[in-house]
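Single-structure report; data block below.
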Amino acid sequence: MTPGEWSPLWISIGTSATATALTFVLGTAAAALVERYRGRARGWIDGILTLPLVLPPTVAGYFLLLVFGRRSPIGQALEQLGLRVAFSWPATVIAATVVAFPLMYRAALGAFEQVNPNLTAAARTLGAGEWRTFLRVTLPLARPGVAAGVILAFARALGEFGATLMLAGNIPGRTQTMPVAIFFAADGGDMGRALVWVLTIVALSLASIAALNYWLPRARAGEERATTTVAERPAGRSAILHADSGNALPAAGFSVEIRKRLAGFELDVRVSTQGRVLGLLGASGSGKSLTLRTIAGLERPDSGRVEVNGRVLFDSARRIDLTPSERRVGFVFQDYALFPHMSVARNIGFGLRGLDAVERDRRVREWAAALHIESLLASYPGALSGGQKQRVALARALAMNPETLLLDEPLSALDPHLRRRTEEQLRETLLHFRGATVFVTHDRNEAYRLADALAVLADGRLSAAGTKREIFENPRRVAAAQLTGCKNIGRIARREGAFVEVEDWGCRLRVLGAASASHAGIRAHDVRVSPSADERENTFPCWLVESTESPFETTLYLRLNQAPGPGDCAHLEAEISRDAWTRLRTAPQPWTATLSPGRVLLLEQ
């Protein structure tokens with residue numbers, strides 16, 4: 001074959017390369033938009049964008065001819081401008097782009113859907129706009145899938161025949177691609193020439209597949225670099241007082257009033273605090289994390305108002321709704337949401353925009369030293385332990401000098417020993433953070449140790465709010481009592497003056513106040529169990545139904561006023577020390593159980 005006869009090869013490569021570039025831009029853009037869209041038309045939009053993948057290429061070519069043909073409105077308008085699409089080289093590009101687009105779109109969409117949404121949410125709370133979040137976080141993390149889409153799109157464009165023949169025709173040296181050349185060579189009986197083009201396409205296609213198989217393992221390996229775990233070392237005392245002290249915020253408070261209705265769930269929260277650490281305590285599914293995401297702007301409430309340090313972040317009545325990047329909220333996610341493709345130094349510095357390289361590096365090193373992670377700056381998140389990740393996430397959130405710090409169960413993923421050490425570091429850090437802090441947890445002990453004030457959520461609504469001492473000593477509501485660890489709660493059958501009859505416990509108690517209470521409660525450690533008779537108020541004979549021992553305490557399941565028969569359940573739980581249990585267990589029953597009037601909780605449903 002003469003050099004001129006190789007034109008189908010160069011036309012095919014040029015067409016495929018151009019079409020691949022177009023499908024990369026159009027396919028990733030379409031995938032990014034569809035991935036974020038949650039409207040009812042999503043299925044229809046996805047179907048239309050994927051349609052060329054399942055249609056015969058000649059059908060796609062027919063529709064393209066209707067759009068760009070010489071008799072079509074668009075074709076006639078282009079000809080008046082001196083441009084003609086049909087039967088030209090641009091027609092081969094358009095045809096190849098249309099048939100290759102669905103492969104790029106589907107590969108990119110699948111890759112984007114695999115990106116942890118907390119990572120993009122973290123980028124937004126760190127001040128990144130949508131475009132920067134896409135370029136710095138979403139696209140790099142979806143790189144293997146997007147790369148696969150590019151290679152598959154190139155291979156598909158290289159082998160396109162039907163749509164190309166319909167729209168571009170067979171013009172040697174202009175629109176005759178290799179698949180078209182194969183068809184006409186075979187149709188004319190020149191099987192040798194057809195075989196040359198077949199082998200050329202097969203070789204290029206195999207090269208594309210080989211590139212795909214070579215790229216993906218290398219891309220995955222790049223994401224898993226530095227996976228040798230860095231040894232955890234004690235955090236020591238915090239140097240946070242010296243970190244960024246020149247930019248410390250004045251003591252701040254916030255006020256939140258939000259309502260949001262979801263399928264089968266309604267969030268209705270009204271809570272405020274002034275210069276204190278507020279703990280949001282609640283069971284799983286109570287709306288704690290949703291409240292935090294609403295404050296950060298990651299979720300939009302149906303109505304309400306969010307104000308931090310005198311600055312309104314959201315107000316439905318005044319149509320104010322700042323984006324997450326505008327709110328100056330530091331967010332530490334439950335899974336930490338560290339960017340896996342960035343080093344620790346780049347993670348901490350992600351939110352430090354508008355600073356020169358020297359100042360940004362200084363701030364990063366200052367916060368790393370404050371949280372004792374300066375030796376980890378060159379490491380990647382995959383190499384860190386849970387405690388190290390927590391400190392990196394905290395440093396990243398604080399480095400941007402936020403007005404509010406939101407912590408979504410940051411200790412829940414740690415083992416007990418590491419959790420305790422990390423909690424000490426966190427408490428030291430919060431002591432010197434002068435902005436408002438909201439700490440979400442389902443652990444009542446953790447909430448008591450870290451927070452100054454508590455808000456208890458149950459089924460999306462505020463069950464109780466106040467100082468931590470107030471909430472634990474007088475939770476007032478059944479849900480708040482349960483969430484703060486009260487294991488003994490019984491219905492009040494009737495009340496006579498200062499006495500109530502607790503139906504579930506089978507006893508009559510003297511109580512203090514709260515005439516409207518529907519339930520009585522007493523914490524397990526407030527039930528006093530004695531081996532001998534006791535003359536104090538609210539003392540009843542009790543029998544042991546069952547006991548459960550732990551290393552340092554024993555839980556007793558007691559039945560009051562009468563010995564348990566077959567199938568009888570316990571009335572109360574009591575927790576006593578191991579030493580007390582050693583003395584009590586050998587004493588003859590019945591024992592006596594005392595429920596001090598001052599320790600009985602009177603609760604409303």
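Per this entry, Ser547 is counted among residues that are small (Gly, Ala, Ser), surrounded by fewer than 17 Cβ atoms within 10 Å (Cβ to Cβ), within 44 Å of the chain's Cα centre (by Cα) and in a strand (DSSP E or B). For Arg106, the test of being buried (at least 17 other Cβ atoms within 10 Å of the Cβ) and in a helix (DSSP H, G or I) is passed.
Cβ-Cβ distances below 8 Å connect the following pairs, each with a first residue in the range 413-434 that is assigned by TED's automatic domain parsing to the domain that holds Gln390, a second residue that is acidic (Asp, Glu), and a separation of six or more residues or different chains: Ala413/Asp335; Leu418/Glu232; Glu423/Glu446.
Check Ala317, Ala243, Ala252, Ala296 and return the single one that is of a type in the set (A, V, I, L, M, F, W, C), modelled with pLDDT of 85 or more and surrounded by 15 or more Cβ atoms within 10 Å (Cβ to Cβ). I'd like the intermediate steps shown before the answer.
Values: Ala317 fails: surrounded by 15 or more Cβ atoms within 10 Å (Cβ to Cβ); Ala243 fails: modelled with pLDDT of 85 or more; Ala252 fails: modelled with pLDDT of 85 or more.
Answer to the check: Ala296.
Every condition in (1) surrounded by fewer than 19 Cβ atoms within 10 Å (Cβ to Cβ); (2) at pLDDT 90 or above; (3) in contact with a strand residue (DSSP E or B) (Cβ under 6 Å, 6 or more places away or on another chain) holds for Val358 except the one numbered (3).
Taking (1) surrounded by fewer than 18 Cβ atoms within 10 Å (Cβ to Cβ); (2) aliphatic (A, V, I, L, M); (3) at pLDDT below 90 in turn, Ala587 satisfies each apart from (3).
Looking for something more than 22 Å from Phe472 (Cα to Cα) and outside any loop (DSSP other than H, G, I, E, B) - is there at least one such residue anywhere in the range 503-510? For the range 503-510, residues more than 22 Å from Phe472 (Cα to Cα) and outside any loop (DSSP other than H, G, I, E, B): present.
Mind listing just one residue for me: the one in the range 361-383 that is in a loop (DSSP other than H, G, I, E, B) and among the aliphatic types (A, V, I, L, M) and, of those, surrounded by the fewest Cβ atoms within 10 Å (Cβ to Cβ)?
Taking the range 361-383 first, the residues in a loop (DSSP other than H, G, I, E, B) are 371-373, 377-380.
Retained after the next criterion (residues that are among the aliphatic types (A, V, I, L, M)): 371, 373, 377-378.
Values: Leu371: 28, Ile373: 25, Leu377: 18, Ala378: 10.
Applying the filter and picking the extreme gives Ala378.
Residues in the range 562-584 that are outside any loop (DSSP other than H, G, I, E, B) and either surrounded by fewer than 16 Cβ atoms within 10 Å (Cβ to Cβ) or out of contact with any His (no Cβ under 9 Å at 6 or more places or on another chain) (or both): Leu572, Glu573, Ser577, Arg578, Asp579, Ala580, Trp581, Thr582, Arg583, Leu584.
Can you pull out every residue in the range 327-350 that is of a type in the set (Gly, Ala, Ser), part of a loop (DSSP other than H, G, I, E, B) and within 18 Å of the chain's Cα centre (by Cα)? Step through it out loud before you land on a result.
We begin by selecting, within the range 327-350, every residue of a type in the set (Gly, Ala, Ser); these are 330, 337, 343, 345, 349.
Cutting the leftovers down to part of a loop (DSSP other than H, G, I, E, B) gives us 337, 343.
Matches in the range 327-350: Ala337 only.
When you look at Val344, is it at pLDDT 90 or above and in contact with a Pro (Cβ under 6 Å, 6 or more places away or on another chain), yes or no?
So Val344 does not fit the description; no.
The values are calculated or read from the model by the stated rules, or taken from the named source; none is laboratory data. This one's a predicted model, so the numbers in the text were calculated from it and none came from an experiment. We place every Cβ from the backbone using ideal geometry, glycine too, and count neighbours over all the protein chains shown.
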